[in-house]
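All remarks here apply to the structure that follows.
The values are calculated or read from the model by the stated rules, or taken from the named source; none is laboratory data. Quick caveat, the model's predicted, so the values are computed rather than measured. No Cβ is skipped: glycine too gets one built from the backbone with ideal geometry, and neighbour counts run over all protein chains shown. The protein model used for the area step is the full one, side chains on, heavy atoms only, and it has no ligands, DNA or RNA in it. Shrake-Rupley method; radii C 1.70, N 1.55, O 1.52, S 1.80 Å.
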Amino acid sequence: MCIRDSINAEYGEARAMAEAEGTSTKPGVMVLQQASALLEKTMLDEFLVLARDLVRIKECQPDMSGTAVDLFLIALTRTHDRAAHADGLLQHPDLQQWLTTPLVQVCLHDHAARLDKIRNAVNLRDPSHVLMIRAQSLLSYIVGDYESVRTGYEILLNAGPGDELKQECVLMMSLACCHLADYRRAVQINPMLNSAWELLKPCADEAFAARRHRMEQEAGDRGLAEWGDQVVSQTEALTIVCLSNGASFGGLDPMVYNDTTVYVGVRGSAKIQPVTEPPAETVREAIVPLCTNPGNYYHSFVELGALLVAWQELDEAPCSGPIYICAASEQAYGHISAVLSQFLPEEVVTEIRFVSHHVHADKLWVLDKGLEQPAVSVWDAIQPTEAALLRLRERTRPQAPKLMVVDATQDGAGAGPRRLVYAARRKTLRGFGEDGALVQALQEWCAEHGVEYAECEGKRPIHEQRELYGTALVIFGVHGSGLCNIMWAPDDCMLVEIPMKNMCNLIFLNQTQTLGMQHRFVPGWDCVYHRHLPDPTPDQIQALIHTLPSTTHKPSSD
């Protein structure tokens, strides 16, 4: 969900408006233009120095025109969007730091005061009124106030705007509806909104068409292509491609491209980014695995892990060169290495090169998904094939631990306890604010069934998570990357999931079915991808308890 394209034309129009007002040489306007330029160049340290210069800001404040203020605030939203998008986030962690600087605070107060004056007398023939509402709506978007985004752009759309503004209104209203979980309304407004189809009807033809439309639009002059005759090896677990004439790669997906083409490959999906400058590095030869944001636990463990295990198990790999993994930060590098080291040889993990910039390879090898049936859902792009997942499972399967197969009072109990592991999410997207009553009910169920209660928010070291989930009889949680820890669990473990709204993303159901493990959804309870969960109700907790296995006894071998 990217807002850059929606405000490019508007930004240029508004700058021309400011110059027409004759205010561009006033000190206050010049400060705002300087701050806007620093933001546009992503010179954030320099921007913060200027934005915190309280003496200068106080001196210049009287000369800050309303148009210049709104332009600056729009530049702030553009920069936030660019920075957050690069890290695969909806909201950048530095946003609050920016918003609390004296310069931004002065502009926010000025903007709010002017907006309040016109609130009941909006004149959409006045360009300054239009700019004000646009700025307010874009600010609302980056702070997550999507209802205000929808309201602001609805006001503009109902006024019968020109084609460019109408296009912006349609995009931003549909994005806001998507964030508000009104997916049906989102696709009514914008039938080509890929992200809404993913969450409404991911198996529909319209969903695949919207994804293709997004990629074609983002690719621009570059065409989209599959691998064709550049495939040198293909099995059910892995496809290996050789781009012998060279290619570049970069970004969190990553994008593999040359001057004329962006490759969508077997996955059929790519997150395409504008390429404004040559790659920062050129190497002779490289291997790059196609994997969605590997800084995310699910993608690094299941998607990336399955590719690398399949590659590492080849009797004679046709490709050579170092493996490059695109990630956003050194923190992500450490996280990915810790995950991969649980099931890959140390010499493989230590040779991986992590990059956050684009790289050109004179000869590029690509590791892509294996050969399988045509995709049923647009979510299939991020799931390994069954063959690849089963190979990963063999690497992660618990080493026949001595665990209780019945409750602790039964004869024949093993040395270690079995556990119900709550994959907790708190005060985050798809997380609870307060789950005390839920935890108490789970603990009571465990006491009744001779099972230990444990919980994991994903903050433990990876090897500790592996040990904990390796004792699980039941794993329970809201749809999220923590549920892929079913890979560490014994074969008799059951996964109990609070699913996504509309049952739109079934990756964990598919995963357990492939592995021959049990899976249940909690009836009447779901979550919304971009929102926090309301605190559990007594009825929901009761539905969960009824969904858990009625006994911990393992069936008799007789």
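Where residues in segment 487-496 are in contact with a helix residue (DSSP H, G or I) (Cβ under 6 Å, 6 or more places away or on another chain) and buried (at least 22 other Cβ atoms within 10 Å of the Cβ), which of them is nearest to SER550 (Cα to Cα)? So that I can check it myself, show each step before the final result.
Residues of segment 487-496 that are in contact with a helix residue (DSSP H, G or I) (Cβ under 6 Å, 6 or more places away or on another chain), as a first pass: 487-489, 495-496.
Remaining after also requiring buried (at least 22 other Cβ atoms within 10 Å of the Cβ): 487-489, 495.
Working: MET487: 23, TRP488: 23, ALA489: 19, LEU495: 14 Å.
For segment 487-496, the residue satisfying everything is LEU495.
Could you grab the pairs with beta carbons closer than 7 Å, sequence gap of 6+ or different chains, first residue in segment 426-438 and under 7 Å from ASP535 (Cβ atoms) and at pLDDT below 90, second one acidic (Asp, Glu) and not in a helix (DSSP H, G or I)?
Note: pairs meeting the criteria are GLY433/ASP535; GLU434/ASP535.
Give segment 255-272 a look and list any residue that's in a loop (DSSP other than H, G, I, E, B), touching a strand residue (DSSP E or B) at 6+ places or on another chain (Cβ under 8 Å) and without any contact (Cβ under 8 Å) to a residue 60 or more places away in the chain, or say none. I'd like the intermediate steps shown before the answer.
Taking segment 255-272 and keeping what is in a loop (DSSP other than H, G, I, E, B), we get 258-260, 264-272.
Imposing the further condition that a residue be touching a strand residue (DSSP E or B) at 6+ places or on another chain (Cβ under 8 Å) reduces the set to 258, 260, 264-267, 270-272.
Scanning segment 255-272 gives ASN258, THR260, VAL264, ALA270, LYS271, ILE272.
Is it true that some residue in segment 241-264 is hydroxyl-bearing (Ser, Thr, Tyr) and open to solvent by 50 Å² or more (accessible area, probe 1.4 Å)?
yes
Among the listed residues HIS546, HIS519, identify the single one that is open to solvent by 30 Å² or more (accessible area, probe 1.4 Å), free of Cβ contacts under 8 Å to residues at least 40 places away in the same chain and out of contact with any strand residue (DSSP E or B) (no Cβ under 8 Å at 6 or more places or on another chain). Steps first, answer last, please.
Numbers: HIS519 fails: out of contact with any strand residue (DSSP E or B) (no Cβ under 8 Å at 6 or more places or on another chain).
From the options HIS546, HIS519, the qualifying one is HIS546.
Quickly run through segment 337-360 and pick out the residues that are in a loop (DSSP other than H, G, I, E, B) and of a type in the set (D, E, K, R).
Step one: list which residues in segment 337-360 are in a loop (DSSP other than H, G, I, E, B), which gives 341-345, 351-352, 356-358.
Residue satisfying the conditions is GLU351 alone.
Could you say whether any residue in segment 231-240 is without any contact (Cβ under 8 Å) to a residue 24 or more places away in the chain and open to solvent by 30 Å² or more (accessible area, probe 1.4 Å)? Even if it seems obvious, please write down each step before you answer.
Initial filter on segment 231-240 (without any contact (Cβ under 8 Å) to a residue 24 or more places away in the chain): 231.
Filter once more, keeping what is open to solvent by 30 Å² or more (accessible area, probe 1.4 Å): 231.
Within segment 231-240 (the criterion being without any contact (Cβ under 8 Å) to a residue 24 or more places away in the chain and open to solvent by 30 Å² or more (accessible area, probe 1.4 Å)), the answer is yes, since at least one residue qualifies.
Failed condition for LEU38, given (1) within 30 Å of ALA186 (Cβ to Cβ); (2) hydrophobic (A, V, I, L, M, F, W, C); (3) touching a Phe, Trp or Tyr at 6+ places or on another chain (Cβ under 7 Å), with all others met?
Here LEU38 clears every test but (1).
How about segment 471-555: which strands (runs of 3 or more DSSP E) wholly inside it have at least 2 residues that are farther than 22 Å from TRP379 by Cα?
Details: elements: 472-478, 494-498, 518-521.
The qualifying strands (runs of 3 or more DSSP E) are 472-478.
So is PHE301 under 25 Å from the mean Cα position of the chain (by Cα) and open to solvent by 10 Å² or more (accessible area, probe 1.4 Å) or not?
Working: under 25 Å from the mean Cα position of the chain (by Cα): yes; open to solvent by 10 Å² or more (accessible area, probe 1.4 Å): no.
Against the criterion (under 25 Å from the mean Cα position of the chain (by Cα) and open to solvent by 10 Å² or more (accessible area, probe 1.4 Å)), PHE301 does not qualify.
Kindly indicate which of THR67, THR77 is assigned to a helix (DSSP H, G or I), under 21 Å from ALA176 (Cα atoms) and not charged (D, E, K, R). Step through it out loud before you land on a result.
Working: THR67 fails: under 21 Å from ALA176 (Cα atoms).
Matching residue, one of THR67, THR77: THR77.
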